[in-house]
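Each reported figure results from applying straightforward, stated rules to the coordinates on display, with no laboratory input. What you see is a predicted model, and the numbers here were worked out from it, not measured in a lab. For neighbour counting, all protein chains shown are included, and Cβ atoms are generated from backbone atoms with ideal geometry for every residue, glycine included.
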Amino acid sequence: MQFQGQILKMTSYNDQPIQYYLNLSGDLIHMNELLGREISIKHTGYQCVNCALDKTIYRMGFCKSCFFESPYASDTIIRPELSTAHLGIGERDLDVEKQIQLQPHTVYLAYTGDVKVGVTRNSQIPTRWIDQGATFALPIARTENRYEAGMIEVALKEHLADKTNWRKMLQDDFEDEVDLADFQKKIKEYFPEDFQKFYSEGENMWKFDYPFSKPEKVTSFTLDKNPEFTGKLVGIKGQYLAFDGGNFMNVRGHEGYVIEMKILN
């Protein structure tokens, strides 16, 4: 069995366990069915997610020129507190930025080996948490736009991490329930005064079940340094494919890469 195409981030379905589909140029490959199988991956080129040209990927699936020009790679994607669409001010393309920024957002706590704070569009729940490899997630504020959520996150990340430590996420085997509601109560006082109205109490906590077991070691590889890789798929968590020997491939980190993938047994 052989597949080829441009890598996009895995599509996931929240089930027990979570179901994963590798997206190769729009073809969805059910990765759960390949657990325990020997897989060969060969890097054959690039295809920018924006211009579709065979140009070296710079970041987030974009070639360098598109990364600095596309509204889908603007600073507000990474730093929501910089959003200005609610003021009618555009950064790269106001119409696109309105679509992204002027919709309901959620500020949340997630456990990914540590408790962290983050922001996501409501339409990305629970996908955002699954992509991060969160074991637990709890909404703590509901806002009307991206800027409001970003300002709350800025205040809270002075007291909590705002990034996922991928090694801790993959090495974590926490099975007991983390009391994120207790964390929420403790940090309530750090909400900016003008944004207290968005504080949300009594939300249901999400728990996720991944087709994954804690590895003895964690070693990541990239197709730039290792353009041909063969290994047995043994688990999936976040956007990481886990192979035997503790080898991990970050699928999202390879968006825009073109590969040939063979199922060997």
Next on the checklist: Are there strands (runs of 3 or more DSSP E) fully within region 91-143 with at least 3 residues that are among the β-branched types (Val, Ile, Thr) and either in contact with a strand residue (DSSP E or B) (Cβ under 7 Å, 6 or more places away or on another chain) or surrounded by fewer than 16 Cβ atoms within 10 Å (Cβ to Cβ) (or both)? List them.
Outcome noted: 115-121
Checklist entry - Within the bounds of region 161-170, is there any residue that is farther than 23 Å from residue 41 by Cα, touching a residue at least 60 places away in the same chain (Cβ under 8 Å) and exposed (fewer than 15 other Cβ atoms within 10 Å of the Cβ)? => result no
Next on the checklist: Here are the criteria: (1) surrounded by 15 or more Cβ atoms within 10 Å (Cβ to Cβ); (2) among the aromatic types (Phe, Trp, Tyr); (3) without any contact (Cβ under 8 Å) to a residue 40 or more places away in the chain. Tell me which single one residue 68 does not satisfy.
Outcome noted: (1)
Checklist entry - Can you name the residue in region 144-160 that is acidic (Asp, Glu) and under 12 Å from residue 80 (Cβ atoms) and is also surrounded by the most Cβ atoms within 10 Å (Cβ to Cβ) among such residues? => result 148
Checklist entry - Name the strands (runs of 3 or more DSSP E) wholly within region 18-67 that hold at least 3 residues that are closer than 26 Å to residue 128 by Cβ? => result 19-24, 27-30, 57-59
